[in-house]
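We did not get these values from a lab; they are worked out from the coordinates using the rules stated. Source: prediction; values computed, not measured. Cβ coordinates were reconstructed from backbone atoms using ideal geometry, including for glycine residues, and neighbour counts include every protein chain displayed.
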Amino acid sequence: MVRSSFFRIGIGAAVAAFVLAVLTAIFPATAAAQDAPPAIALSATVSGTTIDYTVANVPNRRDTFPVIPGECTTVLVNTAVAAPILAPAAVDTLSGREPDAFALLQRLIADGAVTAGPRVQFAAAGQVTGSFTDIPRGVYLVATVCNVSPISGEFRPELIDIVPVVVTDLRAGSAAPAQ
């Protein structure tokens, strides 16, 4: 029984790596602007069935008004459900075509790949913290995007981060920083 659980977690970790690679290809981590602020930094830890996350380096909304704090939208993505949805986007990306990121996100939500969230939070002192609770056993991605402009729909790659996590229902889970 324990052996099969570790096998399923291993398969889940492989699927998570695939999903993370596709999302990284779709949303490249390099910024085009020279004066871009430092990239946000997402970290996540698992304890039992709770995933705690922290987003650091969230800039203020300087493009709107410098004293308005930035905000982040954070979701929890089930990698087993997301993998078949993201596979066509991976093929598009590898073929040199740019997938429609917003349509992809809408499909992830509609097909149930987003298992928790979206959770929108304003930053305090450049940081956002939160938790997803009562998460079933599995392999997930904690994904966040900060300061999305609702008018233009434009977002900057340095304001996106993704971290894989494994929920094992044990006292402590695992988390790995996104590379």
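Each other residue within a Cβ distance under 15 Å of A90 adds +1 if Lys or Arg and -1 if Asp or Glu, for a net charge of -1.
Using a simple spin-label model with pseudo-atoms 7 Å out from Cα toward Cβ, D111 and A87 lie 0.9 nm apart. Across region 108-122, the residues whose backbone nitrogen lies under 20 Å from the label position 7 Å along the beta-carbon direction of V67 are 122.
By the scheme Lys and Arg +1, Asp and Glu -1, what is the net charge of all other residues having a beta-carbon under 15 Å from that of T129?
Result for the local shell: -2.
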